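These notes are about the structure you will find just below.
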Amino acid sequence: MAKETPNHSYQRPDRGAQNWHVPLNENFSRIDTEVEIKDAAENLDQYQPKEGAKFLATDSRRIFIGNGEEWLEFGSAAGRARSVSLTEGSERATVMSDGTFVAQPGQLQDVIDTASTGSEFGQAPAQTVKLVSGETYEVSETVRLKRGVRLECNGAKVVPTGDFNVFELARDTVLIDPFVDTRGKSWSSTQVVIGPQNAQKLDTANRAWVKDAYLLGDAGKGIGIQFRGGSKPCSMQVANGTLDGFDRAVDFYAAGENRDPQGDWSNGNQFWGRIQDFRIGISMRSDGAEVSGNTVRIQTQPEPEVSEWLWKMEADPRESRDDNKFVMKGNTVMAYPWDVSSFKRNNSYYSESDRDAPFWFIGRGRRYGNSLLDMSGVRGNQYVLNNSDTPDRNGIFTAHGGFVVGTTEFETQPAYQQNDSRNWHPQSRNEAE
């Protein structure tokens with residue numbers, strides 16, 4: 001009489017038994033269903049979802065169970081986890097034992113929508129959504145971080161399939177380690193917008209932070225990170241990272257005309273990190289509201305083929321608006337400007353008789369209290385193209401008491417010492433008057 005194995009009751013025919021192959025083949029049939037399948041999640045469809053069959057995704061540790069017709073996600077082997085329905089359709093996502101939502105490629109926005117707590121003013125704990133490390137997420141529309149969500153990109157790369165903003169952050173959100181790549185595409189939008197259209201006020205109690213960004217774009221195309229005041233202020237927000245490429249690497253933009261206390265300002269924001277291969281490194285512009293009190297600390301590397309300005313403060317449109325109330329004040333950039341000679345080719349203010357081109361443009365208007373601290377310690381005020389209405393209230397500072405150089409002069413007195421003669425770039429409006 002055939003014996004059975006103790007755990008799974010597989011039959012072991014007696015030596016010399018007739019039709020011994022029958023129970024053996026039954027064993028193989030059961031084994032094909034009962035033994036766990038292990039493979040990458042992307043290969044799930046290659047296996048038949050037999051009733052009771054189990055599939056373990058080796059890359060994400062997700063578990064699927066067959067019902068005879070399809071694979072149903074059961075949970076995760078990475079700790080005690082559960083499966084939840086997403087906001088639309090029958091698709092499901094894994095929630096880890098620590099409460100983290102895992103978003104697979106193709107379900108990122110649905111998982112964010114499901115995880116959102118709607119919190120503001122820090123009223124509730126944040127809910128974490130995590131991408132799968134090593135995956136590429138091709139997104140067909142803007143990824144919108146909603147209230148109470150912190151998104152950990154976890155080494156995954158995000159690539160847009162069209163020309164649109166990649167990430168937009170509303171209040172009470174955090175974007176961690178975003179790796180975005182728009183190189184080689186017909187793309188000219190913004191990779192990360194802090195304070196998108198119709199966002200409520202962003203301030204200290206309503207954060208929209210970006211941590212350790214790694215943003216790659218074509219030189220001279222699109223915007224890396226934008227601090228956008230629009231329907232409400234974008235105020236006191238923080239971002240850091242490495243930005244490679246772009247038309248404007250970091251953009252402080254007051255996108256509205258409302259100058260009221262709860263208007264369209266971009267003020268008090270901070271960025272630090274490294275930027276290179278930009279047309280404009282630090283951009284400040286306004287449609288009417290203030291751009292003020294923003295601080296930047298960076299290492300910069302311009303690209304000779306495209307770079308024009310390290311820092312550009314746009315002129316106000318007084319001729320078209322008949323006013324001069326576009327204020328940019330109290331902004332500070334601390335920069336180590338590498339290879340400033342790379343600005344020569346594309347900067348219209350450079351002359352072949354000059355040593356170098358200016359790299360800070362201050363447009364006409366109420367521009368005062370703005371400072372650039374040159375951490376290389378050698379650049380003087382001739383590197384400022386200063387068209388401000390109050391030119392003497394802006395300037396380059398060096399970090400020591402030695403002499404500095406200009407775009408035409410070999411050396412001048414340090415800008416922070418008492419100096420009766422402010423030597424702006426010779427083509428500045430204020431220099432000519």
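The values are calculated or read from the model by the stated rules, or taken from the named source; none is laboratory data. Here the structure is a predicted model, which is why all the values come from computation and not from measurement. Counting neighbours? That spans all protein chains shown, and the Cβs are built from the backbone with ideal geometry, glycine included. To get the accessible areas, we keep the full protein, side chains included, count just its heavy atoms, and leave off ligands, DNA and RNA. Shrake-Rupley method; radii C 1.70, N 1.55, O 1.52, S 1.80 Å.
Quick look at the numbers
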read-out	value
Assigned charges on the beta-carbon of Lys, Arg, Asp, Glu; segment 230-319 dipole about Cα centre (debye)	340
Relative contact order for segment 282-411, counting Cα pairs under 8 Å that sit 6 or more residues apart, in percent	24
Values of log10 I(q)/I(0), in the order q = 0.25 Å⁻¹, for segment 258-322 under a Debye, Cα-only, solvent-free model	-1.08
Relative contact order (percent, whole number), segment 1-80, Cα cutoff 8 Å, 6+ residue spacing	18
Of all accessible heavy-atom area on segment 106-200, the percent that carbon and sulfur account for (1.4 Å)	38
Heavy-atom accessible area order for HIS21, HIS425, largest first, 1.4 Å probe	HIS21, HIS425
Cα-based reach from LYS50 at 30 Å (exclusive), listing lysines while leaving out same-chain residues under 8 positions away	LYS3, LYS38
Charge dipole (the chain, unit charges on Cβ, about Cα centre) - positive-most of ILE223, LEU310, THR128	THR128
Inter-label distance for ASP212 and GLN18, nm, one decimal - labels placed 7 Å from Cα along Cα-to-Cβ	7.1
Mean separation of Cα contacts under 8 Å, 6 or more apart, over the residue count of the chain: relative contact order %	6
Fluctuation leader among ASN27, ASN294, ASN198 - the chain, Gaussian network, Cα springs under 10 angstrom	ASN27
DSSP-defined antiparallel bridges as percent of all bridges, the chain, nearest 5	15
Protein-only accessible surface order, largest first, of ARG297, ARG15 at 1.4 Å	ARG15, ARG297
Translational D in µm²/s for the chain (Stokes-Einstein at 37 °C, 0.692 mPa s, Kirkwood Rh from C-alpha pairs)	133
Exposure of TYR349 as accessible area (Å², to 10), given a probe of 1.4 Å and all protein chains	60
Modelled FRET efficiency - R0 45 Å, GLN413 with GLU257, Cβ distances, 0.05 increments	0.65
Highest-first arrangement of 298-304, 159-165, where packing means the average Cβ count within 10 Å	298-304, 159-165
Accessible area in the full protein assembly, largest first, 1.4 Å probe, for ASP247, ASP392	ASP392, ASP247
Degrees separating the helix 21-34 axis from the principal Cα axis of the chain, which is the longest one	30
Projected-area mean, segment 158-237, by convex hull of Cα positions, square nanometres	5.0
Per residue value of the accessible surface for the chain (all protein chains in place, 1.4 Å probe), Å²	46
